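For reference, the structure is listed below as structure tokens.
Every number in this text was worked out from the coordinates using simple rules, so none of it is lab data. Fair warning: this is a prediction, and the values are worked out from it, not measured in the lab. Neighbour counts run over all protein chains shown; Cβ positions are idealised from the backbone, glycine included.
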Amino acid sequence: MSDLAIAAATRVLARNWRGSYTVPAAGLYPHQWSWDSAFIAIGLRHISPRRAQQELDTIFSAQWGDGRLPQIVFNPRLDVQYSPGAAFWRSDLIPNSPPVPTSGLIQPPNHALAALLVHQADPEASDRRRFLPRAYDRLRAWHGYLARRRTAASGLVHVVHPWESGMDNSPYWDAPLAAIGDTFGEDIPRPDLDHADASHRPSNAEYGKYLSLAARYRDHDCDDRDDGHPFVLEDPAVNALYARSEWALGQIAELLGHDPAPHVERARAITASLGSLWVPELGCYVARDVVSGQLQRFRTVSGVAPLLIPDLPHTAELLATLEGEHFALGRAALVPSHDLTAPTFDSARYWRGPSWFNTAWLIAEALHERGFAEEARGLASRMADLGLEHDFPEYVDPHSGEPRGTLRFSWTAALSLDLYERLHTRGETL
Amino acid sequence: MNAVNAICVQEQVLEGDSLEQKWELAQSWGFDGIELRGRGDGSFAARLPELRRAAANGVPMPTVCVEMSHFIGAFDAELRRDAIAQMADQLRIIAELGGRGAMTPASWGMFSRRLPPFEPPRTPQEDTAVLVDALGTLGELAASLGVAILLEPLNRYEDHMVNRLSDAVELIRLIGLDSVRIGADTYHMNIEEADPAAALIEAGPYIGHVQASDSNRLEPGAGHLDWALFGATLQAIGYDGPIAIESRLSGAAAEVLPSVPPLLRRYL
């Protein structure tokens with residue numbers, strides 16, 4: 001990557017801006033996605049701290065009365081281009097929903113981490129616009145929702161839909177989805193296939209179950225009180241981001257003169273609870289199906305994401321797993337989403353093998369924070385190069401690095417830009 | 001001048017008896033050059049001895065911005081001919097001084113579709129024909145001199161013909177000369193462009209000059225424009241030409257102008 005690449009990434013982000021938020025990509029994804037926006041803000045802060053703040057302010061403005069940050073904030077003028085859209089959710093009919101149409105689901109809580117990084121990009125501009133106090137209130141309510149409504153006796157946050165993990169067709173969800181008989185009876189709209197090869201996307205059978213689960217959650221007013229909800233999963237990356245974001249909230253609290261202790265305590269509690277997802281023989285964390293009580297014994301990028309957490313008891317083992325044959329850190333393209341040696345591995349299909357730039361960024365950040373400087377810089381530099389070389393693809397083949405999915409993908413541009421700036425130009429460490 | 005984005009200031013806000021004195025002051029405030037103002041009635045050509053001396057004394061003057069009562073898109077054919085003649089002078093002189101170009105709007109203060117009587121005496125097709133003709137003539141001259149004629153889109157209250165960067169791009173494509181470029185002004189863009197950054201990126205290959213003033217037409221930093229985004233966007237289109245401050249001032253020049261170069265440099 002070079003200054004030319006900074007220019008190319010900036011052009012992608014400027015073109016994908018929609019006045020108050022950034023679309024994940026033009027065409028395939030016309031609305032605002034929650035964790036996309038937080039990742040995008042991390043890159044936008046190098047272009048315009050104000051725009052990065054606005055990106056987060058916009059997702060915060062769609063916060064529900066119960067504190068949830070919705071998976072998608074819909075642009076009602078483009079409702080036909082994505083399914084399920086605003087007409088499926090009808091969030092206006094659900095108690096506690098915001099004035100704008102949204103999905104009822106959530107996405108992984110990477111927002112506090114992003115808010116802190118955005119603030120740090122230009123603390124003066126942030127102070128002048130009162131960004132951090134405003135964000136802190138929203139983030140506390142968001143994490144409050146996760147603690148109150150999504151945390152079971154295990155002490156871990158659960159997701160009620162594969163989409164909530166951000167890793168839609170991870171092998172973690174195979175058994176839990178197979179156990180669900182219901183599927184969506186009506187025709188399954190797939191506008192995504194106008195933009196991407198069907199063999200790279202989740203299958204129609206998967207989509208039918210996705211819609212059925214979403215409809216059930218919606219029809220229970222998204223109130224998290226449906227005891228019979230058939231999909232309740234504890235995902236390692238979701239919990240790792242939750243813990244890492246609590247650490248970030250602690251830092252934000254300190255900056256604002258508040259007590260960081262409640263955040264630190266919660267972060268430590270989540271970290272302790274994650275122990276129940278650790279599988280020593282796999283050398284990583286896995287997901288647990290709360291309904292069946294079964295651990296989903298797969299190595300996925302989600303299971304190494306807890307490397308993001310300070311004071312984790314298994315840091316060395318996770319690094320070994322990353323560097324071994326399953327993820328081939330330094331040899332594979334970025335970090336494969338799934339174990340390269342597993343029978344369930346598929347180099348082309350979405351979250352069952354391809355390498356993604358957001359998870360590569362998380363692992364690079366984790367390696368950096370844990371003091372594995374050389375590994376962090378190597379991954380960061382390969383990521384920035386790969387992003388540019390292929391016009392910022394959505395994801396890449398983990399063996400060849402060939403681009404997959406859509407191009408000029410916003411978080412790919414944003415996070416490549418972030419790592420490049422931190423590696424080369426602005427003096428931040430990586 | 002610096003290799004990247006010389007930051008210039010227009011001559012009328014600088015005190016001094018000569019351009020050399022003004023340049024000394026501008027330098028002490030952190031500027032890299034001076035943008036000249038080109039008055040009509042042959043008065044810019046009459047300044048030639050002064051300008052030659054300043055150039056010989058090392059005053060960087062990359063651009064001249066027109067300051068007249070009529071323009072190349074005037075409704076009156078006589079006035080139009082005179083404006084083209086004055087701009088031709090400005091192109092010859094700026095070329096002789098080693099500069100880059102002369103900047104003009106289609107018109108200024110002649111007609112606004114937002115103010116009575118709302119309907120101009122010419123059709124849009126006739127406006128286009130007039131501008132293609134004028135800019136084509138000036139563009140050919142500019143090409144022969146190795147400089148550019150810089151077309152500045154103005155906001156809707158100041159001109160009715162060329163308001164957005166895309167309006168200028170359309171004209172330049174019709175003319176088909178590389179020597180006709182856009183002079184983009186952040187103040188006008190802030191009014192006319194739905195997304196100034198996206199507009200600059202779309203028009204990137206056609207941008208030949210940039211003028212900077214804030215949302216309220218005061219110097220950068222005195223309004224609410226996003227200068228970080230401005231800087232990143234200019235870098236994203238690979239624009240390495242000058243940025244000239246054409247603005248009113250929020251206070252005494254000596255008080256407010258020295259803060260401008262560091263503000264812009266921070267993001268360039």
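Here the convex hull built on the C-alpha positions of the stretch A:58-155 has a volume of 124 cubic angstrom per residue. With contacts taken as Cα pairs under 8 Å and at least 6 residues apart, the stretch A:335-376 reaches a relative contact order of 30 percent.
P(r) tail, the stretch B:113-201: Cα-Cα pairs separated by more than 21 Å, 35% of all pairs.
Kirkwood radius and radius of gyration were both taken over the C-alpha atoms of the protein assembly as shown, and their ratio Rg/Rh is 1.05.
Label reach from B:A252 (point 7 Å along Cα→C-beta): in the stretch B:197-239, amide nitrogens under 18 Å belong to B:219.
Shown for chain B are the DSSP H helices of 30 Å or more along their axis, judged by Cα atoms, with a mean Kyte-Doolittle hydropathy of at least -0.5: B:124-145. Restricting attention to the protein assembly as shown, close to 40% of DSSP beta bridges with both partner residues there are antiparallel. The value of relative contact order for the stretch B:7-265, using C-alpha pairs under 8 Å at least six residues apart, is 16 percent. Between B:L174 and A:E374, the FRET efficiency estimated from the beta carbon spacing at R0 = 51 angstrom works out to 0.35. Relative intensity of the stretch B:7-265 on a log10 scale, I(q)/I(0) at q = 0.11, 0.15, 0.17 Å⁻¹, equals -0.56, -1.08, -1.39, per a Debye sum over C-alpha point scatterers of equal strength in the absence of solvent. What nm distance separates the two modelled labels at A:T341 and A:L78, each placed 7 Å from Cα along Cα→Cβ? Each label point is offset 7 Å from its Cα along the Cβ direction, giving 4.3 nm.
Computed extension length for A:A261-A:V279: 3.5 nm, one decimal, from 0.36 nm per residue of separation with the Cα-Cα distance subtracted.
For the stretch B:14-61, the set of GluC sites (Glu not before Pro) satisfying both a DSSP loop assignment and a count of at most 10 other C-beta atoms within 10 Å is given as B:E15. Simple spin-label estimate for B:R47 and B:D133 gives 3.0 nm between the two label positions (7 Å along the Cα-to-Cβ direction from each Cα). When the stretch B:7-265 is described by a simple charge dipole with +1 on each Lys and Arg Cβ and -1 on each Asp and Glu Cβ, the residue from B:N57, B:V9, B:S69 located farthest towards its positive end is B:N57. As a size descriptor, the averaged projected area of the C-alpha convex hull of the stretch A:293-430 was calculated at 8.6 nm².
Computed from the C-beta positions of A:S292 and A:D194 and an R0 of 51 Å, the FRET efficiency is 0.90 to the nearest 0.05. Rounded to the nearest Hz, the phi-derived 3J(HN,Hα) couplings of the stretch B:148-154 under the Karplus curve 6.51 cos²θ - 1.76 cosθ + 1.60 (θ = phi - 60°) are 10, 8, 10, 8, 9, x, 10, where x marks glycine and proline.
Full extension of the chain between A:H390 and A:A320 gives 22.3 nm of extra length, using 0.36 nm per residue less the Cα-Cα distance.
The label point for B:E67 and the one for B:R113, both projected 7 Å from the Cα toward the Cβ, are 3.1 nm apart.
For the stretch B:1-131, the equivalent ellipsoid derived from the alpha-carbon gyration tensor has semi-axes of 32, 16, 13 Å in decreasing order.
Relative contact order of chain A, taken over Cα pairs closer than 8 Å and 6 or more residues apart, is 17 percent.
Estimated from the Cβ-Cβ distance and a Förster radius of 30 angstrom, the FRET efficiency linking B:E20 and B:A143 is about 0.45.
Extents of the stretch A:106-194, largest first, come to 53, 42, 22 Å (Cα atoms, principal axes, whole angstrom). Rounded to the nearest 20 debye, the dipole size of the stretch A:85-174 about its Cα centre is 380 debye, using +1 on the Cβ of Lys and Arg and -1 on the Cβ of Asp and Glu.
Per Stokes-Einstein, at 4 °C and 1.567 mPa s, what whole-number D in µm² s⁻¹ belongs to the stretch B:1-42, with the Kirkwood radius over Cα pairs as the hydrodynamic radius? Roughly 119 µm²/s, to the nearest whole number.
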